[in-house]
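The values are calculated or read from the model by the stated rules, or taken from the named source; none is laboratory data. Being a predicted model, the structure only gives us computed values, none of them experimental. Heads up, the Cβs are rebuilt from the backbone with ideal geometry, glycines too, and the neighbour counts pull from every protein chain shown. Quick note on the areas: whole protein, heavy atoms, side chains included, nothing else; ligands and nucleic acids left out. Shrake-Rupley method; radii C 1.70, N 1.55, O 1.52, S 1.80 Å.
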Amino acid sequence: MGFQLPSHGIQSMLKEGHKHLSGLDEAVLKNIDACKQLSTITRTSLGPNGMNKMVINHLDKLFITNDAATIVNELEVQHPAAKILVLAGKAQQEEIGDGANLTISFAGELLQNAEELIRMGLHPSEIISGYTKGINKTIEVLNELVEKGSENMDVQNKEQVISRMKAAVASKQFGQEDFICSLVADACIQVCPKNPQNFNVDNVRVAKLLGGGLHNSSVVRGMVLKSDAVGSIKRIEKAKVAVFVGGVDTSATETKGTVLIHTAEELQNYAKTEEAKVEELIKAVADSGAKVIVSGAAVGEMALHFCERYKLMVLKISSKFELRRFCRTTGAVAMLKLSQPNPDDLGHVDSVSVEEIGGARVTVVKNEEGGNSIATVVLRGSTDSILDDLERAIDDGVNTYKAMARDSRIVPGAAATEIELARRVKEFSFKETGLDQYAIAKFAESFEMVPKTLSENAGLNAMEIISSLYAEHASGTTRVGIDLEEGTCKDVSTMNIWDLHITKLFALKYAADAACTVLRVDQIIMSKPAGGPRRGQQPAGMDEE
């Protein structure tokens, strides 16, 4: 085998086909550039007047949304540095459920300002130390901006819930936030446990049904199943429920056996015993007081016949997650195979009825008194993409409810907080000596991105608005934000726009962390990608249930 002389330097150390980028120009600025591109995409979707993006993923599924978390999830971001921002956005989405856009856009803005500093000749480590001081100061100032008396709230009080939820929902569905918020607040308050800390987001379900308009939507205490009842009984009230996971059918035995049949009579008797067995099982269920049978798998013809005879309503829920939720709603215990249920295993429903909503038959399971552990928001809309977007708005609302149950402090919204932070951090940078004061000043400037973007998306003159905001804040009115509808600056307490302190805190924290992580990189070394199919790729659009 001919042995080639290796090329010199780092090339000789690594396998052929690798890429090696180092130094400011190649690595750092390229990384910053990739992150800037990503944040330019999400930035125009920030705020109530944000534009929608049309994303078509690799499975040809179409998303029309201005929800940054969905957008970056569906874009398959290849660049390693931009992926860090995507991860920061995902962390925010999982921690709080809202504010992913702020995280990504703010991190992009921080990096863009860092690029200017690098071009001025600052070393990235000085920028990082400045940014770290900046974020610590920001957290300090954020705590001072918290509205007095907002730390103790009653999570059952609809007014207080809506005032905190409105901003999160309005940024997704501007103009319909009042209606959506009242739906979400109702649903959340119904399922909120005694200790609000234990609120489970999964307990507010969304059922999307085509047709009608948003104003036809409603909240159901209980569940809405997107399927018809199996038998002919379509409505039943105040009934006990038996849940069987394994399906309602003649049970085939585990062991295989051969039966030798000599005469026709024996054959008939054999069939009859099977019938009698099924009847006996169904009768046992009916005698236990159950009026509704819920099956997790197929319902056999013969079993169905006897269910009809004993006037039992039969529902089929094929998804095991739905079945679990059904058990939670009714308080039933799921049994493995068809047998006589214990009275303790039966659940209770107030009413089960099959209704026709916009051409689709759905089964509504209501449970008003019992441990109302599940509420369903029935959404109506004209197209699938509108429904998907409404669902995301509702998700944001529910997540905000969970966040406010943990920490209900609020800060002024409508960019009032950001301008105040920019002003205070800027003042703080003048007191610093050393080179990182420039980085802190740039950190403060980055906050201007929020009012600038909000006003640009609304088609207003950003420069005028930012300068008048600064003027108002300098004179001591820290609550002045942008009124996007009139294009003027107003006190947010009159407009009632509040943001949760915890959302802002985590968004800015994750953004600063992501920006510092990107700045810390000075070399990129990529090996030659291996051939063959990519491993560990989950198809996009799959649920992580």
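Where the centroid of each part is defined by its Cα atoms, how far is the range 305-375 from the range 117-187 in Å?
The distance from the Cα centre of the range 305-375 to that of the range 117-187 comes to 41 Å.
Per residue, how much accessible area does the range 305-354 have with a 1.4 Å probe, in Å²? All intermediate terms of the calculation are to be shown ahead of the outcome.
On the way: 2440 Å² over 50 residues.
Solvent-accessible surface per residue comes out at 49 Å².
Rounded to the nearest 10 degrees, what's the angle between the helix 264-287 long axis and the longest principal axis of the chain, both from Cα atoms, 0 to 90?
Approximately 60 degrees, to the nearest 10.
With axes computed from alpha carbons, what is the tilt in degrees of helix 501-519 against the longest principal axis of the chain, rounded to the nearest 10 within 0 to 90?
The angle comes out at about 60 degrees.
Over the chain, what percent of the accessible surface lies on carbon and sulfur atoms, probe 1.4 Å? List each step's numbers first, then the result.
Working: 13730 of 26740 Å².
Roughly 51 percent of what the probe reaches on the chain is carbon or sulfur.
Normalising by the residue count of the chain, find the relative contact order in percent from Cα pairs under 8 Å and 6+ residues apart.
Details: 970 pairs, mean separation 142.4, N = 545.
Relative CO of the chain lands at 26 percent.
Exposed loop sites here are trypsin sites (Lys or Arg not before Pro) in DSSP loop states with at most 16 other C-beta atoms within 10 Å. What is the longest stretch of the chain lacking them?
Details: sites that count: Lys15, Lys61, Lys148, Lys194, Lys226, Lys234, Lys256, Lys311, Lys337, Arg520, Arg534, Arg535.
By the stated rule (loop sites, at most 16 other Cβ atoms within 10 Å), 338-519.
Describe numerically, in nm with one decimal, the distance between label points set 7 Å from Cα along Cα→Cβ at Thr383 and at Ala471.
Going by the 7 Å Cα→Cβ label model, 4.3 nm.
Subtract the Cα-Cα distance of Glu140 and Asp491 from 0.36 nm times their separation in residues, and report this length gain in nm to one decimal. Intermediate results must be reported in sequence, preceding the final value.
Details: separation 351, 0.36 × 351 = 126.36 nm, distance 2.26 nm.
Length gained, Glu140 through Asp491: 124.1 nm.
Can you work out the accessible area per residue across the range 105-225, with the rest of the protein chains kept in place, probe 1.4 Å, in square angstrom? Working shown, then result.
Working: 5010 Å² over 121 residues.
For the range 105-225, the solvent-accessible area averages 41 Å² per residue.
Does the range 477-533 classify as rounded, prolate or oblate by the C-alpha gyration tensor (a ≥ b ≥ c root eigenvalues; a/c under 1.5 gives rounded; else a/b over b/c gives prolate, otherwise oblate)? Write out the running numbers ahead of the final one.
Details: a/c = 3.64, a/b = 2.96, b/c = 1.23.
Note, shape of the range 477-533 comes out prolate.
How many angstrom lie between the C-alpha centres of the range 430-463 and the range 87-114?
Comparing the Cα centres of the range 430-463 and the range 87-114, I get a distance of 16 Å.
Rounded, prolate or oblate: which fits the range 233-305, taking a ≥ b ≥ c as square roots of the Cα gyration tensor eigenvalues, rounded meaning a/c under 1.5, else prolate when a/b beats b/c?
Working: a/c = 3.02, a/b = 2.14, b/c = 1.41.
Prolate is the answer for the range 233-305, as a/c is 1.5 or above and a/b outweighs b/c.
May I ask for the angle, rounded to the nearest 10°, between helix 416-431 and the longest principal axis of the chain, with both axes built from Cα atoms and the value confined to 0 to 90°?
Relative to the chain, helix 416-431 is tipped by roughly 40 degrees.
7 Å from Cα along Cα→Cβ at both Asp344 and Asp407: what's the point-to-point distance in nm?
Using points 7 Å along Cα→Cβ, the separation is 4.2 nm.
Roughly what % antiparallel, to the nearest 5, for the DSSP beta bridges in the chain? Walk me through the numbers before you get to the answer.
Values: 37 of 56 bridges.
Counting DSSP beta bridges with both partners in the chain, the antiparallel share is about 65 percent.
Roughly how many debye, to the nearest 20, is the charge dipole of the chain about its Cα centre, given +1 on each Lys and Arg Cβ, -1 on each Asp and Glu Cβ, and no other charges?
On the way: 60 positive and 73 negative charges, 150 e Å.
It works out to roughly 720 debye.
Taking R0 as 22 Å, what FRET efficiency do you get between Thr263 and His305 from their Cβ-Cβ distance, rounded to the nearest 0.05?
0.25
Given points 7 Å out from each Cα along the Cα-Cβ axis, report the Ser318 to Arg520 separation in nanometres with one decimal.
Reported label-point gap for Ser318 and Arg520 is 4.8 nm.
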